[in-house]
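Here is the structure we will look at.
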Amino acid sequence: MTVGFAAAAVNGWLDGTFATATCWVKLHTGDPGAAGATAAAAGDTTRKQATMAAASGGSKAASASVGPWTNGGTTETLSHISLWSASSAGTFNGSAALTGGGSWASGYTCTLTALTISITPIAA
């Protein structure tokens with residue numbers, strides 16, 4: 001027996017917080033901080049919509065790639081993302097370090113090919 005959260009409770013929270021059409025992603029050059037406002041990428045400041053599949057087993061994933069963002073004139077190093085409830089303003093829902101982040105030069109694009117949000121452990 002594994003201790004942890006009930007899958008149904010976690011799935012409900014994930015589906016409520018990161019709804020199918022209301023998860024927006026922003027790029028950052030460092031840890032976004034407690035409010036999601038620190039170290040925003042300057043090359044493209046827009047939030048891109050992530051279409052999320054229904055949560056299952058304590059995990060929720062984007063059903064398609066997110067982006068692309070196009071760098072409009074600066075060179076910087078991408079390292080994190082923040083997750084929001086709206087394309088502007090809205091509620092900050094969380095952040096994560098990028099796997100495979102790196103240098104982003106003027107004219108380059110960035111596309112997230114995978115985005116998964118998981119809460120563990122799940123009780124079994």
Open item on the list: For the stretch 113-122: of the residues being in contact with a Gly (Cβ under 6 Å, 6 or more places away or on another chain) and open to solvent by less than 50 Å² (accessible area, probe 1.4 Å), which is farthest from Ala19 (Cα to Cα)?
Closed with: Ile122
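Might you let me know whether the stretch 27-40 holds any residue that is out of contact with any strand residue (DSSP E or B) (no Cβ under 7 Å at 6 or more places or on another chain), modelled with pLDDT of 95 or more and not small (Gly, Ala, Ser)? Steps first, answer last, please.
The initial filter retains those residues of the stretch 27-40 that are out of contact with any strand residue (DSSP E or B) (no Cβ under 7 Å at 6 or more places or on another chain), namely 33-34, 37-38.
Among the residues that remain, those that are also modelled with pLDDT of 95 or more are: 33-34, 37-38.
Narrowing further to those that are not small (Gly, Ala, Ser): 38.
Yes - at least one qualifying residue is present in the stretch 27-40.
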Open item on the list: Which numbered condition in (1) within 30 Å of Val3 (Cβ to Cβ); (2) open to solvent by 60 Å² or more (accessible area, probe 1.4 Å) is the only one that Cys23 fails?
Closed with: (2)
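Give the residues of the stretch 92-106 that are in a loop (DSSP other than H, G, I, E, B) and modelled with pLDDT of 95 or more, sorted by residue number.
Pass one, the stretch 92-106, residues in a loop (DSSP other than H, G, I, E, B): 98-102, 105-106.
If the condition is that a residue be in a loop (DSSP other than H, G, I, E, B) and modelled with pLDDT of 95 or more, then Leu98, Ala105, Ser106 are the ones that fit.
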TODO: Restricting attention to the stretch 70-89, report how many residues are open to solvent by less than 50 Å² (accessible area, probe 1.4 Å) and touching a residue at least 40 places away in the same chain (Cβ under 8 Å).
DONE: 10
Open item on the list: Looking only at the stretch 49-69, filter to residues that are small (Gly, Ala, Ser) and assigned to a strand (DSSP E or B); which one of those is surrounded by the most Cβ atoms within 10 Å (Cβ to Cβ)?
Closed with: Ala50
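In this structure, is Ser103 touching a residue at least 40 places away in the same chain (Cβ under 8 Å) and either surrounded by 14 or more Cβ atoms within 10 Å (Cβ to Cβ) or of a type in the set (S, T, N, Q) (or both)?
Numbers: touching a residue at least 40 places away in the same chain (Cβ under 8 Å): no; either surrounded by 14 or more Cβ atoms within 10 Å (Cβ to Cβ) or of a type in the set (S, T, N, Q) (or both): yes.
For Ser103, the condition - touching a residue at least 40 places away in the same chain (Cβ under 8 Å) and either surrounded by 14 or more Cβ atoms within 10 Å (Cβ to Cβ) or of a type in the set (S, T, N, Q) (or both) - is not met.
Is the stretch 39-46 home to any residue that is in a strand (DSSP E or B), surrounded by fewer than 14 Cβ atoms within 10 Å (Cβ to Cβ) and either in contact with an Asp or Glu (Cβ under 7 Å, 6 or more places away or on another chain) or of a type in the set (Gly, Ala, Ser) (or both)?
So the first thing to find is which residues in the stretch 39-46 are in a strand (DSSP E or B), and the list is 40.
Still in the list and also surrounded by fewer than 14 Cβ atoms within 10 Å (Cβ to Cβ): none.
No.
The values are calculated or read from the model by the stated rules, or taken from the named source; none is laboratory data. Nothing here was measured: the structure is a model prediction, and the numbers come from that model. Heads up, the Cβs are rebuilt from the backbone with ideal geometry, glycines too, and the neighbour counts pull from every protein chain shown. The area values use the complete protein model at the heavy-atom level, side chains included, leaving out ligands, DNA and RNA. Shrake-Rupley method; radii C 1.70, N 1.55, O 1.52, S 1.80 Å.
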